[in-house]
1. Considering each residue of region 325-358, count those that are open to solvent by 30 Å² or more (accessible area, probe 1.4 Å), in a helix (DSSP H, G or I) and in contact with a helix residue (DSSP H, G or I) (Cβ under 8 Å, 6 or more places away or on another chain), and give that number.
2. Only residues that are of a type outside the set (S, T, N, Q), under 19 Å from residue 323 (Cβ atoms) and open to solvent by less than 80 Å² (accessible area, probe 1.4 Å): list them for region 248-267, please.
3. Please find, among 235, 197, 156, 146, the residue that is more than 17 Å from residue 103 (Cβ to Cβ) and hydroxyl-bearing (Ser, Thr, Tyr).
4. Out of everything in region 183-199 that is in contact with a Leu (Cβ under 8 Å, 6 or more places away or on another chain) and assigned to a loop (DSSP other than H, G, I, E, B), what residue ends up being most open to solvent (accessible area, probe 1.4 Å)?
5. Examine region 87-97 for a residue that is modelled with pLDDT of 95 or more, out of contact with any helix residue (DSSP H, G or I) (no Cβ under 9 Å at 6 or more places or on another chain) and not charged (D, E, K, R), and state whether such a residue exists.
6. Can residue 221 be described as modelled with pLDDT under 95 and not in a helix (DSSP H, G or I)?
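The values are calculated or read from the model by the stated rules, or taken from the named source; none is laboratory data. Since the model is a prediction, treat every value here as computed from it, not as a measurement. Neighbour counts are summed over all protein chains in view; Cβ atoms, including those assigned to glycine, are modelled from backbone coordinates with ideal geometry. Quick note on the areas: whole protein, heavy atoms, side chains included, nothing else; ligands and nucleic acids left out. Shrake-Rupley method; radii C 1.70, N 1.55, O 1.52, S 1.80 Å.
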Amino acid sequence: MSERIILHSDANCFYASVEMLLNPDLRGKAVAVCGSTEERHGIVLAKSELAKKSGVKTGMANWEARQACPGLIVVPPQYDQYCKFSKLLRNIYLRYTDLVEPYGMDECWLDVTHSRLIHGDGIKIAEEIRSTVKEELGLTVSIGVSFNKIFAKLGSDMKKPDAITVLPQNDWQSRIWPLPVSELLFVGRATTRKLASRNVLTIGDLARTDPEILHGWFGKNGIMLWRFANGEDTSRIMPNGYEAPIKSVGHGITCSCDLHSNDDVWKVMLELSQDIGHRLRSYGLAAKGVRIMVRGNDLGFCQYQAQLRYPSQSPLEIAQAARLLFANRYGWETPVRAICVTGINLIPNGYPIQLDVFGDEMRRMRRQKLEDCIDEIRSRFGKSSIIAASLMGDLHMPVDGRHEVTMPGMMYT
């Protein structure tokens, strides 16, 4: 079997680069794309290279970014434009292979193993893509070329902007193993801290650790990380348009300002659950459980989950379960900045379930018919055609289109 040729293409400073294309007066200046620019609590979503060199970081509060870079130009996000350029980027990749797997809006993996007879080797294809993107779109990309997805992603991060990094199968250890373990995909801050406390500081340290010990520390994820560190990633790249089986249905948002009360959090959860209920209905599925993710001002996520009493498509039941989880588990060490609610453990709607003698099934059925009717009205006449009275007023939720953005998730295997 011939060696695979995998590319990972990452558009440099994507949001800020698109803004500079749309407004040439911004070129060559320190620019930051910030959410809620009218709010003190807005945060930096993306920054230009010049802003980055001045100390501006993604996730910084707007006022902190201005302190780090006094001449910083702050612009609001235009998500419709980012979606447009994301599709244009993908169309360029599809000229070389149909095995194009998005990883968020500005990143894609490409399997060009079977394209080399037509387009040349991986380096030649990467160079063509880099120059084509610059010529046709006015954007720059950094591309990693390797024999698996993990190392291709690592390569695209090693040299920016507008660069190509090759990590071949016969010569990668000397370049990858000395890197900090945090550089490896899926090694987040909490995992990095836990590994550091055990003196595992580099990717090489991780690769040389007994996998059974890692399994004891992290479960099956420990084995996965050990395989990645040793170059044993065999994950496939899915063809363009591939849709994975639906295992969960969620909706999350970064709020336009910090939330300081259970009541404010409840309203956001109820609004998010409207979309979850609609999508569950359209998929013909019901959720047996609910998971919430909450992010405070420290930018760290807390995650909790619980089972529902009955499988449900009901926005109200899902939101109520999320509220109970939050009230019982979140300690309010910091205000809430972002919330995600997800329906999990999905089954086909209408699947036989065991009822209990203490439940009011007739009441649940009446409620379900009412919510079916509400969902139909909202589908025909728009989401604002009928809403709960408690959701009137300012929910501290942005309405700038960020829900259209595809965020990175677990890669397909």
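1. Residues that pass the stated criteria total 1.
2. Let us first name the residues in region 248-267 that are of a type outside the set (S, T, N, Q), namely 249-253, 255, 257-260, 263-267.
In the following step, the residues that additionally are under 19 Å from residue 323 (Cβ atoms) were identified as 249-253, 255, 258-260, 263-267.
Hits for region 248-267 are 249, 250, 251, 252, 253, 255, 258, 259, 264, 265, 266, 267.
3. Values: 235 fails: more than 17 Å from residue 103 (Cβ to Cβ); 156 fails: more than 17 Å from residue 103 (Cβ to Cβ); 146 fails: more than 17 Å from residue 103 (Cβ to Cβ).
Sole residue among the options that is more than 17 Å from residue 103 (Cβ to Cβ) and hydroxyl-bearing (Ser, Thr, Tyr): 197.
4. Of everything passing the filter in region 183-199, 186 is most open to solvent (accessible area, probe 1.4 Å).
5. Within region 87-97, one or more residues are modelled with pLDDT of 95 or more, out of contact with any helix residue (DSSP H, G or I) (no Cβ under 9 Å at 6 or more places or on another chain) and not charged (D, E, K, R).
6. Numbers: modelled with pLDDT under 95: yes; not in a helix (DSSP H, G or I): no.
Against the criterion (modelled with pLDDT under 95 and not in a helix (DSSP H, G or I)), residue 221 does not qualify.
Results for (1) in contact with a strand residue (DSSP E or B) (Cβ under 6 Å, 6 or more places away or on another chain); (2) open to solvent by 20 Å² or more (accessible area, probe 1.4 Å); (3) in contact (Cβ under 8 Å) with a residue 60 or more places away in the chain, shown as yes or no for each residue.
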| position | (1), (2), (3) |
| --- | --- |
| 47 | yes, yes, no |
| 55 | no, yes, no |
| 63 | no, yes, no |
| 69 | no, no, no |
| 82 | no, no, yes |
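The rows are residues; the columns are (1) out of contact with any strand residue (DSSP E or B) (no Cβ under 7 Å at 6 or more places or on another chain); (2) more than 30 Å from residue 18 (Cβ to Cβ); (3) open to solvent by 60 Å² or more (accessible area, probe 1.4 Å); (4) of a type outside the set (S, T, N, Q).
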site	(1), (2), (3), (4)
141	no, no, no, yes
144	no, no, no, yes
156	no, no, no, no
163	no, no, no, yes
170	yes, yes, yes, no
219	yes, yes, no, yes
230	yes, yes, no, no
239	yes, no, no, yes
246	no, yes, yes, yes
